[in-house]
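Take a look at the structure set out below.
Nothing in this text is a laboratory measurement; each read-out follows from the coordinates by a stated rule. Being a predicted model, the structure only gives us computed values, none of them experimental. Counting neighbours? That spans all protein chains shown, and the Cβs are built from the backbone with ideal geometry, glycine included.
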Amino acid sequence: MHFDFGFYSSLLLITFSQGIIYSLLLFKKAIQTQNKSNYWLSLFVFLCSLYIAPWMLGFAGWYDNQPYRDFMFYVPFQHLFFIGPVIFFYTQSLLNPAFKFHRKQFFHLLPGVMYLVYNLIIYVYDKIILKDYYFYQNGIDKDFDQWYQITGQASMVVYFILTIRYYNLYRRLIVQLASNADAMLFKWIKNYLIAFLIMILLPYFFEIFNYFFPNPNEYKEGWWFYLFFSLVLYYIAVTGYSNSVHTKIGFEMSVFDKKPILLLSENTKDLNIENNTIDIEYETFIESISDEVIQWKIKIEDLIQQDKLYQNPELSLTEVSKKLQTNTSVISKAINQGFQMNFNDFINNYRIEAVKVMFQNGEHKKSTLLGIAYDCGFNSKATFNRAFKKNTNYSPKEYLNMI
């Protein structure tokens, strides 16, 4: 097989091959763990690796030699209409174990499919019917047509916005469902979204750079963009492969409307699922609350205090509602309106009060602050410090100095 090894082709070959390898490793991991999100990340890394291929193979001499030239012309490598939807689906599958790819989601992939059909039509007409170049008379790869690059980049921007919207809705949901919300917000998601944003902004950065510092050799000038793109891809592939976080709370929600979110956790299968919804658009301050909310407020306080449920670091709203033999919608409303806070803050306040009691009893002289925090239901030092500061306006050490 023809391949001109040189500085430009060899460096991109390394990043391209690493991308393909990590795509296969993620696919293997998905099969072993049955984690759907790894399938989507594997596909994303594979598509981004293909995106690099034309520039790598171009420097390797494929555009200058047959039959490689025709192969480069008629095989689409840059699937810009697929990259955005795939990262959108990856985020959903990572945050929501109940996420499934249904027929209604297929319309997200329709532009990418149409581009594949467009390339197939070009191949059939040129190579089978006409047996000569018609669409490729100008000798320019269709992957680099201006209309395709512009609309493809626009597609990636749209799906980046949708992904941010979905993640923000999830963040507002999880603080109402889990007492360990901080652990379920996943730093990895923020990191790969920043990396994806860098991928989107790279073309515009190089356009601005080239405007002020023009280079007569546009082909070598474009190589730097693909090198930086491949480095960002390599970061996503490596860190994504090592990521092991996942959620256990399934739900249904839409990024296009403000309907209450339907919970689909297996733990709620014996409850009234029709009313098992969470409204994340609730008002944070209500002057008067109903008698029903007051009654549930008393029941919730008694349960949390008597059973010391706050000591469970993974306590969820579903578990509380199950113990009180009602649905999560009722308990969520009672906490939001009755206590004027979300479930996460509500449980953390009980944990902080328990920590204060242990401080008063001198437990900090026998145990570490982190040990006390764990005994009271916290599962990380950062969450403990943040919750303590929010509750008392002091850090744990400052508070101890005061008492």
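Determine ³J(HN,Hα), in whole Hz, for all residues of segment 44-57 in sequence, where each value follows from phi through the Karplus function 6.51 cos²θ - 1.76 cosθ + 1.60 and θ = phi - 60°; x replaces Gly and Pro.
Rounded to whole hertz, the list is 4, 5, 5, 5, 5, 5, 4, 4, 7, 3, x, 6, 5, 6.
At 0.36 nm per residue, and after removing the present C-alpha to C-alpha distance, how many nm does the segment from Leu324 to Ile121 gain when stretched out fully?
Details: separation 203, 0.36 × 203 = 73.08 nm, distance 6.22 nm.
Roughly 66.9 nm would be gained on extension.
How many nm separate the modelled label positions at Asp375 and Phe212, each set 7 Å beyond the Cα in the direction of the Cβ?
Distance between label points: 5.9 nm.
Relative to the Cα centre, what is the charge dipole magnitude of segment 7-252, using +1 at the beta carbon of each Lys and Arg, -1 at the beta carbon of each Asp and Glu, and rounding to the nearest 20 debye? Before the final figure, lay out each step's value.
Numbers: 17 positive and 12 negative charges, 242 e Å.
With only Lys, Arg, Asp and Glu charged at Cβ, the dipole is about 1160 debye.
Hey, fewest Cβ within 10 Å first, where do Met114, Met358 land in order? Intermediate results must be reported in sequence, preceding the final value.
Details: Met114 11, Met358 18.
Exposure proxy ranking, most exposed first: Met114, Met358.
Please give the calculated 222 nm ellipticity per residue for the chain, where each DSSP H segment of at least 4 residues contributes -39500 (n - 2.57) and the sum is spread over every residue; nearest 500 deg cm²/dmol?
On the way: 15 runs with 250 residues, N = 403.
So the helix-based figure for the chain works out to -20500 deg cm²/dmol.
With the chain treated as a Gaussian network of Cα nodes joined by springs under 10 Å, which of Arg386, Arg69, Arg103 yields the largest mean-square fluctuation?
Highest fluctuation among the options: Arg103.
Taking 30 Å as R0, compute the FRET efficiency from the Cβ-Cβ separation of Gln146 and Lys28 and round it to 0.05. If you can, show how the numbers build up before the last one.
Details: r = 38 Å, r/R0 = 1.28.
Given R0 = 30 Å and the Cβ-Cβ separation, E is 0.20.
Taking a threshold of 29 Å on the Cα-Cα distance, which of the pairs Lys259/Lys322; Lys29/Lys187; Lys28/Lys258 fall above it?
Working: Lys259/Lys322 24 Å; Lys29/Lys187 21 Å; Lys28/Lys258 37 Å.
Listed pairs above 29 Å: Lys28/Lys258.
Looking at the chain, what % of the alpha carbon pairs are farther apart than 40 Å? Write down the numbers at each step before the final one.
On the way: 27858 of 81003 pairs.
So the pairs more than 40 Å apart make up 34 percent of the total in the chain.
Would you kindly state how much longer the chain becomes between His246 and Asn393 on full extension, computed as 0.36 nm times their sequence separation minus their alpha carbon distance, in nm to one decimal? Don't skip to the end; give the middle numbers.
Numbers: separation 147, 0.36 × 147 = 52.92 nm, distance 3.20 nm.
Additional length available on full extension: 49.7 nm.
If I build a Gaussian network model for the chain, linking alpha-carbon pairs within less than 10 angstrom, which residue out of Trp147, Trp62, Trp296 has the largest mean-square fluctuation?
Answer for the Gaussian network model of the chain: Trp147.
Rounded to the nearest 20 debye, what is the charge dipole size of segment 276-402 about its Cα centre when +1 sits on each Lys and Arg Cβ and -1 on each Asp and Glu Cβ? Don't jump to the answer; show the numbers that get you there.
Details: 15 positive and 16 negative charges, 143 e Å.
In debye, rounded to 20, segment 276-402 gives about 680.
In terms of the ratio Rg/(2.2 N^0.38 Å) built on C-alpha atoms, what value belongs to segment 7-148? Display every interim value, and only then the final one.
On the way: Rg = 17.4 Å, N = 142, 2.2 N^0.38 = 14.5 Å.
For segment 7-148, the normalised Cα radius of gyration is 1.20.
Please give, to one decimal in nm, the separation of the simple spin-label points placed at Phe256 and Glu314, each 7 Å out from Cα toward the Cβ.
Modelled inter-label distance: 3.5 nm.
Connecting C-alpha atoms closer than 10 Å in a GNM of the chain, tell me which of Ala354, Ala237, Ala334 has the biggest fluctuation.
Largest GNM mean-square fluctuation: Ala354.
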